[in-house]
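Notes follow once the structure below has been shown.
The values are calculated or read from the model by the stated rules, or taken from the named source; none is laboratory data. All values reported here derive from a predicted model rather than from experimental measurement. Positions of Cβ are generated from backbone atoms using ideal geometry, with glycine treated the same way; all protein chains shown enter the neighbour counts.
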Amino acid sequence: MADEPPSPVTSELPDSPVHTTGTDHITIWGSNAEDTIEFYRDLLGMPLVLRQPNLDDPSQTHLFFDTGDGRILTFFVSDDRPSARGQRAGVGAVHHLCFSVAPDEYEATMEALEEAGHRYNVFDRGIFHSIYTRDNNGLVIELSTDKYEIPDDRRGEVLATAQELREADGADYAKDEHLREAIEAVGLEVVEHDLPDASAGVGGIE
């Protein structure tokens, strides 16, 4: 196992001059409106809540999608840009986007991807389950679901506690047992979701 970094992992706010209050939106250079809407609205079910010119370049259209909790994903698109499968790699590039799906819709999500012709991989990540696929431009999209019920306002606390347990155990990554113990340690009831078996640990989209 690699040496642990010196910076502590904790849910406590750092002593910094600014503290963000959440993610407002993420904006991506997209291809065209039709393909983008087909994937994000018609397949993943994100409502298209706003469409307007890109205020910095009115020749492009700015699409706003609600990802499900009021947080917004936006795209700059243009009808003269076809969808592409290649993605730029390296420092500063987006590796993947992750969106959450309800545990009781997890298997239906895989079925919908297959019916739409999108290949996918499924992994048990120890502290959650993940489906990996690609959007119309080849960007890796992760669709994750919780293995246990965790209130949003306690998530950071639970994960930081799982990190402490992982370190004490000498494990390479946080596993199911660390998460379960962390939920108990912070005084929450352990409620496990019924999810299908999946490959464990490392991996990603083909």
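Worth a mention:
- Counting the residues of the stretch 41-57 that are under 18 Å from C98 (Cα atoms) and either touching a Gly at 6+ places or on another chain (Cβ under 9 Å) or part of a loop (DSSP other than H, G, I, E, B) (or both) gives 4.
- All told, Q60 falls short of being surrounded by fewer than 17 Cβ atoms within 10 Å (Cβ to Cβ), over 20 Å from M110 (Cα atoms) and in contact with a strand residue (DSSP E or B) (Cβ under 9 Å, 6 or more places away or on another chain).
- Boolean, A162 is of a type in the set (G, A, S) and within 30 Å of N32 (Cα to Cα): no
- Residue match in the stretch 113-124 (condition: of a type in the set (S, T, N, Q), outside the structural domain of E34 (by TED's automatic domain parsing) and within 21 Å of T67 (Cβ to Cβ)): no
- Some residue of the stretch 133-144 being over 30 Å from P82 (Cβ atoms), modelled with pLDDT of 90 or more, of a type outside the set (D, E) and surrounded by fewer than 17 Cβ atoms within 10 Å (Cβ to Cβ): no
- Checking each residue of the stretch 32-41 against the condition of being surrounded by fewer than 17 Cβ atoms within 10 Å (Cβ to Cβ) and over 22 Å from the mean Cα position of the chain (by Cα) gives at least one match.
- Residue in the stretch 148-155 that is in contact (Cβ under 8 Å) with a residue 40 or more places away in the chain and not in a helix (DSSP H, G or I) present: yes
- Qualifying residue in the stretch 12-29 (condition: surrounded by 10 or more Cβ atoms within 10 Å (Cβ to Cβ), modelled with pLDDT of 90 or more, touching a Pro at 6+ places or on another chain (Cβ under 7 Å) and outside the structural domain of G117 (by TED's automatic domain parsing)): no
- Per-region count, the stretch 88-129, residues on the phi > 0 side of the Ramachandran plot, at pLDDT below 90 and loosely packed, with under 13 Cβ neighbours inside 10 Å: 2
- Considering the conditions (1) modelled with pLDDT of 90 or more; (2) within 26 Å of D66 (Cα to Cα); (3) among the small types (G, A, S), A168 is excluded by exactly one of them, (2).
- Filtered residues of the stretch 58-75 (kept if in a strand (DSSP E or B) and without any contact (Cβ under 8 Å) to a residue 40 or more places away in the chain): P58, S59, Q60, T61, H62, L63, F64, F65, D66
- Restricted to the stretch 79-130, and to residues there that are hydroxyl-bearing (S, T, Y) and part of a loop (DSSP other than H, G, I, E, B), the residue that is farthest from the chain's Cα centre (by Cα) is S83.
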